[in-house]
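To keep things clear, I will list the structure first and then write my remarks on it.
The values are calculated or read from the model by the stated rules, or taken from the named source; none is laboratory data. What you see is a predicted model, and the numbers here were worked out from it, not measured in a lab. Every residue, glycine among them, receives a Cβ derived from its backbone with ideal geometry; neighbour counts consider all protein chains shown.
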Amino acid sequence: MRLSQYHLRTVKEIPAEAVLASHKLMLRTGMIRKLASGLYTWSPLGLRVLRKVEAIVREEMNNAGAVELLMPSIQPRELWDETGRWEKFGGQLLKIKDRKEAEYCYGPTAEEVITDFARNEIASYKQLPVNFYQIQTKFRDEIRPRFGVMRAREFLMKDAYSFHLTKDDLAREYRNMYDTYVRIFERLGLKFRAVEADTGAIGGFASHEFQVLADSGEDAIAYSTGSEYAANIELAEAITTATRPAPSETAARVDTPKQTTCAAVAELIGLPIERTAKTICVITVDSESNTDSGDMVMAILRGDHEINEIKLTKAIGEYRLATEQEIRDALGTVPGFIGPLFDGEGNIGPTPRPIRIIADRAAAVLSDFVVGANVPKFHIRGVNWGRDLPEPALVADLRNVVEGDPSPDGQGTLAIARGIEVGHVFQLGDRYARDMNCTVLDETGKAATPMMGCYGIGVSRIVAAAIEQNHDDAGIIWPAAMAPWQVAVCVINPKDEPTVTAAAAALYDELTAAGHDVVLDDRGLRPGNMFADIELLGIPHRVVVSGRGLESGTYEYRGRRDTESTALDHRALLARLA
Ligand code: ATP
Ligand code: MG
Ligand code: MG
Ligand code: MG
């Protein structure tokens, strides 16, 4: 690639809304340009990087035995009605009508479509197991799109869905995908951790997230300093770094490995911690989909059942206050309905009704004003849960964990780090297949409902996450596998010095022929500007071809992390790049 014939436009001025290093650098390098909130154009430069990530994901998925297909990004409402998710998915679902008034959504995920495909395509257990994947644009109408492509509305995801006759076979493929993800993130050169994700009642080995470690990450993870144990703390998406106090500053502590700080939540909902201490009730509706953040509901009830206002507005956006009546209508005036209630998988808090019913109703009624964010499960340590209220069984199971506490597996103590979720694997079980009447004939000729797993990777988010982890003041420092080019050959004064230009072109041709991914910077910029651009772009190797160098038979070489250049002759240069 010759930069003089390419479209590269680096800029100095970037909008103030860019706060993360990755967002700033993707704008400065011109990798992305914003079209509208959460919508970005990938420039030729950005697309090069995106395609490299995509290629590695595709190669490893293929190696793992998954088979690629491509589903439409627009999905008909009827399929979503079959699983009930048209109503339940929440505000992230972008609903569209065509000219005949038929309803569609822009796919935020594709369980319904793949299950529909499977029920038509798979008749017999002999066709199982199978793992279908696609790399396809998704749309989620995020409450707060931000950080550029990190939390966009339109983004590129690799999503895979596997089908199995038995639970054991699902567990085997889950392990296979887990191992594949480890290979993918290792090849991408990222520092990451696989963490236990919030599975609610499913528990066990049913869901893991892959978190790229970065201080700016939106997720908090607890990990053992003495073992492999790690779990997502599930902090609310809406709690920003600014409003999140360090654990040591909070009076409140948190439940389980999946913990959060109550002070942060109090801040989020706009109540001082003293006032919330007796009165918190959190309902999360989770596990209805693998997209865990769109369909959650939070409600706060006072301990004496006198609800004033539910302040969900403060740090969150344009959400109006819920009135007491709305909350009562939503939840029902159930005596004893107070205290932490857990996910939609049937865990019962101190309420006579199954949580699922309440939570679903609440989700429907509250969806106008409730935050669709990851609402953490939490309770306050030592808290008086109200009159006559038994400590819910689940809470008793949960430990209040802060940094330095023993790890749940008994090995080492817990530390807390921040992460960016770049992948998520999940054992779904038979839920979608059941809802959509997807069956296969088993060995005995009976109709059986297949078990499903699903496995997502945020292809476009990975690009931002990698930059978040690999940059300095001068710009991006790409891990080799993701760099737009491996080598930049920089020509000093190409217009005035034809011999230099010819020598640089010859080197470029030679390196390219030898299989290197090379860019020739023949734009004729002044050296300082040219070098600043190449550093900003994060190209691992820079080779300068100048008149002076040619006289002494050397090139000026500099690795992106080097502090100085080295003069290398032709042979030494090839050896360095090998
Ligand atoms: P998050 O917790 O960050 O909202 P999620 O749990 O909702 O993500 P999944 O449903 O697990 O996301 O989707 C699979 C992957 O898609 C995620 O692990 C993440 O890498 C990516 N992803 C999800 N939402 C976005 C987004 N708004 N922008 C970019 N990538 C995203
Ligand atoms: Mg998540
Ligand atoms: Mg989400
Ligand atoms: Mg997830």
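Values computed for the structure shown
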item	result
Residue that is at pLDDT below 95, among the small types (Gly, Ala, Ser) and within 18 Å of the chain's Cα centre (by Cα), where the choices are 207, 227	207
Residue count for segment 1-23, restricted to those that are within 24 Å of the chain's Cα centre (by Cα) and in a loop (DSSP other than H, G, I, E, B)	6
Residues satisfying the stated conditions in segment 46-76, i.e. touching a Gly at 6+ places or on another chain (Cβ under 6 Å) and either part of a helix (DSSP H, G or I) or free of Cβ contacts under 8 Å to residues at least 60 places away in the same chain (or both)	75
Extreme residue, farthest from residue 434 (Cα to Cα), among residues of segment 77-92 that are in a loop (DSSP other than H, G, I, E, B) and within 16 Å of ligand 4 (Cβ to nearest atom)	92
Residue satisfying all of: in segment 553-569; out of contact with any Asp or Glu (no Cβ under 9 Å at 6 or more places or on another chain) and of a type outside the set (Asp, Glu); surrounded by the fewest Cβ atoms within 10 Å (Cβ to Cβ) among these	563
Qualifying position, being over 19 Å from the mean Cα position of the chain (by Cα) and not acidic (Asp, Glu), among 26, 31	31
Condition met for residue 144 (part of a helix (DSSP H, G or I) and among the basic types (Lys, Arg))	no
Residue within segment 458-467 that is away from ligand 3 (no atom under 16 Å from the Cβ), of a type outside the set (Gly, Ala, Ser) and buried (at least 24 other Cβ atoms within 10 Å of the Cβ) present	yes
Filtered residues of segment 146-180 (kept if near ligand 1 (Cβ under 7 Å from one of its atoms) and either without any contact (Cβ under 8 Å) to a residue 40 or more places away in the chain or under 18 Å from residue 218 (Cα atoms) (or both))	149, 150, 151, 152, 153, 155
Pair list, Cβ under 6 Å, 6 or more apart: segment 411-426 residue over 24 Å from residue 146 (Cα atoms) and hydrophobic (A, V, I, L, M, F, W, C), other residue more than 16 Å from ligand 4 (Cβ to nearest atom) and at pLDDT 85 or above	415/225
Strands (runs of 3 or more DSSP E) fully within segment 399-512 counting 3 or more residues that are under 30 Å from residue 173 (Cβ atoms) and not acidic (Asp, Glu)	414-429, 451-458
Residues being in contact (Cβ under 8 Å) with a residue 40 or more places away in the chain, touching a Lys or Arg at 6+ places or on another chain (Cβ under 6 Å) and away from ligand 4 (no atom under 16 Å from the Cβ) - total across segment 430-467	2
Tabulated pairs, segment 98-117, first of a type in the set (A, V, I, L, M, F, W, C) and in a loop (DSSP other than H, G, I, E, B), second within 16 Å of ligand 4 (Cβ to nearest atom) and at pLDDT 95 or above, C-beta under 6 angstrom, 6+ apart or interchain	110/159
Failed item in (1) of a type in the set (Lys, Arg); (2) within 15 Å of ligand 2 (Cβ to nearest atom); (3) over 23 Å from residue 58 (Cα atoms), with residue 167 passing the rest	(2)
Filter result (touching a helix residue (DSSP H, G or I) at 6+ places or on another chain (Cβ under 6 Å) and assigned to a strand (DSSP E or B)) within segment 158-187	158, 161, 162, 163, 164
Odd one out for residue 59 among (1) touching a strand residue (DSSP E or B) at 6+ places or on another chain (Cβ under 9 Å); (2) surrounded by fewer than 18 Cβ atoms within 10 Å (Cβ to Cβ)	(1)
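Here's the yes/no breakdown for (1) of a type outside the set (Asp, Glu); (2) modelled with pLDDT under 95; (3) surrounded by 22 or more Cβ atoms within 10 Å (Cβ to Cβ):
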{"position": "145", "(1), (2), (3)": "yes, yes, no"}
{"position": "153", "(1), (2), (3)": "yes, no, no"}
{"position": "162", "(1), (2), (3)": "yes, no, yes"}
{"position": "168", "(1), (2), (3)": "no, yes, no"}
{"position": "177", "(1), (2), (3)": "yes, no, yes"}
{"position": "183", "(1), (2), (3)": "yes, no, no"}
{"position": "187", "(1), (2), (3)": "yes, no, no"}
